[in-house]
Each structure stands twice: as structure tokens, then as C-alpha cells.
Amino acid sequence: MLNTIKSSIGVVGLAVMGANIARNFASKEYKTSVYNRTFARTQELVNEFPDHLDGFEELKDFVESLELPRKIIVMVKSGQPVDELIIELLKYVDQDDIIIDCGNSYWKDTQRRQEQLKHKVHFIGCGVSGGSLGALHGPSIMPGGEKHVVDQLLPYLRHVVAKDFLLNPCVSNIGEGAAGHFVKMVHNGIEYALMQSIAEIYNILRSNKYSNEHMRIVFSKLNQGNLQSYLLDITEDILESKIENGDYLLDLVLDKAESKGTGGWTVISAIELGVSIPSLSSALFARYANSQDHITTMIHPIYENLSSQDNLDSTIDEFSKILELNFFASYIQGFELIQKASDEYSWKVDIHEVLRVWEGGCIIRSQMISTLQSYIKLNKTLQIDFLTKYAQYIPKIRHFISQTRVSMATTNASLDYILTFLAPRLPTNLIQAQRDYFGEHTYVRIDSGDTVTGGWNKSKG
Ligand code: NAP
């Protein structure tokens, strides 16, 4: 143990994320107490920063090492482990102490825990994005819960997070209740869609026999302007990574993408709230499809050469439009979902602040966030004008992708989303008419505003 001076903050759960958050606090000279169920991990970590990390084998000693009110960051596996840990912590914490669940917990679990822990301890559901390197060097942090409690945490969190475009810390009081974990969940849903849309471009290029180096050049040209982003940065790095014998590592990776739950929860939440998020859901289902064993060896798909290397610039222009459209559609579907949840559960989420917090540190950071900040300030008419710019790309994009035989699940979903958004009238009047015809489900007459039923010529039964 270091000495009798209490620690400013405590971290429980010292796998990759928790250890790096603790290292991050320690490097900012915060005295930090650390605890892990398996003590070996604690010992290993404390040896790195003996001056700023204080490790404990017993949870009771860990809790008692913290200054009041205690601020305990929980970074353990989501689900049952969080509940088990809370039961243990409750033996030692006071009512004014703060447990901050920084794992990827399902927001409904957070809601339940906040309810169960009322008058026992403060419980904050906190999204953290940036992966392990983000946790170490500066993540984007999304805490949600009682405002006065989150406000107590912000001075600490501000020192360990990334910076936004104006160099302010990428952390904010996201909203009440489970808003922090909900917003992180949607962040991950958007992440699925951005990754899938990049993979769709990669798929076209690969099917047209582009070399990895040539693909890297294409992605570096795409990684500009609105599309300049972390995900395109890492795609460039991945495309040039080689093993000792000179083979490309990416070519050795099995085409099975896993998912840990947040993408699925995003889609479930959208269904529950009745929000249309086709780009996000298509990306989730594309991942499931990619996990299936294929029988491609039996079929030789016919790929047509979309582009030769002589007209690369015009091809890049098409790819750029496809990606911009995908990025834009994915972010705005995410906002729709967050806004609906915030209204439904009275969380008071400020989308501008969410966007600001996503400007740095997080996996979905991109220059497009500046454009989106302007877009969401617009009224509906101006938003339609804005989206019309994207709609102008659509016929060309459709023509372009019609020439390829590769699946473009998210691109197609995004195109449809934009067209639906801009439609002066949707064809759902026919669907509601059919429902009324066979089931007397009623419909609203736009001439009178009345809800009525019947009036159909029922010659077909
Ligand atoms: P993880 O593999 O999700 O979890 C391992 C940690 O949980 C270990 O410290 C483990 O302790 C502890 N643990 C498991 N069951 C426990 C229990 N019943 N009681 C107490 N501790 C228990 O670790 P991670 O990848 O660092 O992620 C931590 C959290 O952050 C997760 O919720 C994850 O979804 C979220 N997250 C991860 C990333 C990422 O890039 N990895 C990014 C953002 C958020 P032992 O050492 O004793 O097994």
C-alpha cells in the first residue's frame, strides 16, 4: 500500500479497459486505487505506476482507501458480473458514494440498477468509447444519471478524455437515467453501419482485383473532408499490415465478424421505440450473414470490371459519395433514436453535446460531425434542402452499384432511408387501406382529419 493519503478515484476490473483507464488517471497524477477479482492483475498493474496506483486484494480495503464521496469506476464484463460486484460493493459504500459503471451495460440494466440502488448509493451509467488505446490516451466519455452526481464526476473525467474540435474535453453530462449507456449503445450501432459501409467499398475493390496497396491508396483518398475519420485511418493501416514473409495480414483473416450485443440492442431499442434505422439494422444483419459458412467455392460470381486504374479518380468520386451518404444516413438515424428515447424517458439529452463528445476519442469520430452540428440546427424545410444534395447522388450511385454483384446491404438501406426521408408522400396510405379493408383497423382521412373505417369496394372479398 502507498500511504495513508486517500485516493481520488477507484477502478474495479483491470482487464484491458480498466487497466488503461487506471493508467490514464495515474499518468494525470491522480492517486488511484485499483482492485480486480483476480489479484495477479492488480499486482502487475501497480508495479507500473507505484507512485500513483494503490492496489488491493480485498474489496473492503479498496473501498476504504477512497476519499469521500467515493468515486468507483466499474470496468468489468457487462451483465451478471456487474450485479455481483454491486452486491459486494454495497457492503462497504455509503449513500453519498458514486458507482460509475463504465462497461458496455445494456441501458435497461442501468435503469433497473438505478432504481434498485436509490437511497443506497448513487449509480451512474457511463459510456466509454475509444477502445483500449482510447482508454489509455483519451477516450470519449458519456456519463448519464442524476445531474448533481454527474457534475461531481466531470472535473475528474475532464482530465483523462480526448479533446473536441475546439480542444474542449470530450465528456459531458449526457442526460438523466440511463441516457449515458443508451447513447453509447447507439454510438456502437452507428459504428456497425460505418464499418459495414467501408467494408462494402472494400468488397467492390477486392472483387475487382485491386491489390491491397492500391486499395490503401483508394481509402487514403477517401479519408478526406467530411469522411476524414478514425475508421478510415485504421482501414489504411490494416491494408498495409504484413507478416514476416510479406503476405498481407488482412488476407489471412477469416471472414467472420463477431458482435458483442450493443448493435443488437440498438436494433431492439429502435423496434421498441418505433424508430426506423435501416442502415444500422442492415449492418447488424450483414454481420450475422457474414458469420454463416458459405458455399462460394461452388459458385464463381461474375464480377464486372467497374473501373480500370485509368479512371480511378472518377471511381473515387463515386465511392466518396457512397460513403458520405452512408455516414450521413447512419448518424442521423442514430440521432432520431436518441431523441425519441430522450423524449420517451425524459432524459433531457442534448444532441449537440452528444455530437461534441463524439468529435474526439471515440471510434465513430469523423469530420462529418461538424457538418452534422450544422444540419441538426436546421428546421425541417432546410434539412430537406440539405438532404436533397445527397438525393442528387442517388441515381448515379444506384447505376454504379447495379454493375457489381457484391452485396451492398447498408448502402442500399441508406439510399432508401434518404429517399424515404425526402418523399412528399409515402405509399403507407395503401398499406393502411389494405389493413382497414381486411381488418377494419381504421385510417385517418387527410381531408377531414377524422379516423374512420370502410368505404372500400369489396368486390374481391
Ligand atoms: P472484459 O473482458 O469485458 O471483462 C473482464 C473483466 O471483468 C476482468 O477484470 C474480470 O476479472 C472482470 N470480471 C468478470 N466477471 C466478474 C465478476 N463476476 N466479478 C468481478 N469481476 C469480474 O474486459 P474489457 O474488455 O476490459 O471490458 C470491460 C468493459 O468495458 C466491458 O463491459 C466492455 O464491454 C466495455 N468496453 C470494452 C471496450 C474494448 O474495446 N474492449 C470498449 C468500450 C467498452 P478477472 O480478471 O478476475 O477475470
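The values are calculated or read from the model by the stated rules, or taken from the named source; none is laboratory data. Owing to the predicted nature of the structure, the values given are computational and were not obtained by experimental measurement. In this analysis, Cβ positions are derived from the backbone assuming ideal geometry, glycine residues included, and neighbour counts consider all displayed protein chains. These accessible areas exclude ligands, DNA and RNA; they are computed on the full protein's heavy atoms, side chains included. Shrake-Rupley method; radii C 1.70, N 1.55, O 1.52, S 1.80 Å.
Between the Cα long axis of helix 409-422 and the first principal axis of the chain there is an angle of about 70°, rounded to the nearest 10. Here residue 156 sits with roughly 50 square angstrom of accessible surface, probe radius 1.4 Å. For the chain, the per residue solvent-accessible surface stands at 48 Å², with DNA, RNA and ligands left out and a 1.4 Å probe. Taken along the Cα-to-beta-carbon direction at a fixed 7 Å, the label points for residue 276 and residue 88 span 4.8 nm. Computed from backbone phi with θ = phi - 60° and the Karplus coefficients 6.51, -1.76 and 1.60, the 3J(HN,Hα) list for the range 219-236 is 5, 5, 6, 6, 7, 9, x, 4, 8, 4, 7, 4, 5, 6, 4, 6, 4, 4 Hz; x is used for glycine and proline. Ratio of Rg to Rh for the range 9-181: 0.93 [Cα atoms; Kirkwood radius as inverse mean 1/r over pairs]. When restricted to Cα atoms, the chain yields an Rg and a Dmax of 25.0, 88 Å, respectively. Within the shell of other residues whose beta carbon sits under 13 angstrom from the beta carbon of residue 173, the net charge comes to -1, with Lys and Arg scored +1 and Asp and Glu -1. The count of lysine pairs in the range 30-129 whose Cα atoms are under 17 Å apart, excluding pairs fewer than 8 places apart on the same chain, comes to 11. Taking amide H positions as modeled 1.01 Å from N, with prolines and chain starts lacking one, the residues under 5 Å from residue 7 and 5 or more places away or on another chain are 66, 67. The calculated FRET efficiency for the pair residue 348 and residue 256, based on their C-beta separation and a Förster distance of 35 Å, comes to about 0.30.
Model label sites at residue 367 and residue 458, defined 7 Å from Cα along the beta-carbon direction, differ in position by 6.1 nm.
Our Cα-only numbers for the range 184-422 put the radius of gyration and Dmax at 18.0, 57 Å.
Near residue 428, once Lys and Arg are set to +1 and Asp and Glu to -1 for all other residues with Cβ below 13 Å from its Cβ, the sum equals +1. In the complete set of protein chains, residue-level accessible area for residue 120 is approximately 110 Å², probe 1.4 angstrom. Each peptide in 250-258, 436-444 was scored by the mean count of other Cβ atoms within 10 Å over its residues; highest first, the order is 436-444, 250-258. Dividing the Cα radius of gyration of the range 109-164 by its Kirkwood radius returns 1.03 for Rg/Rh. For a straight C-alpha distance cut-off of 18 angstrom, the aspartates and glutamates reachable from residue 28 (same-chain residues fewer than eight places away being disregarded) are 48, 51, 54, 67.
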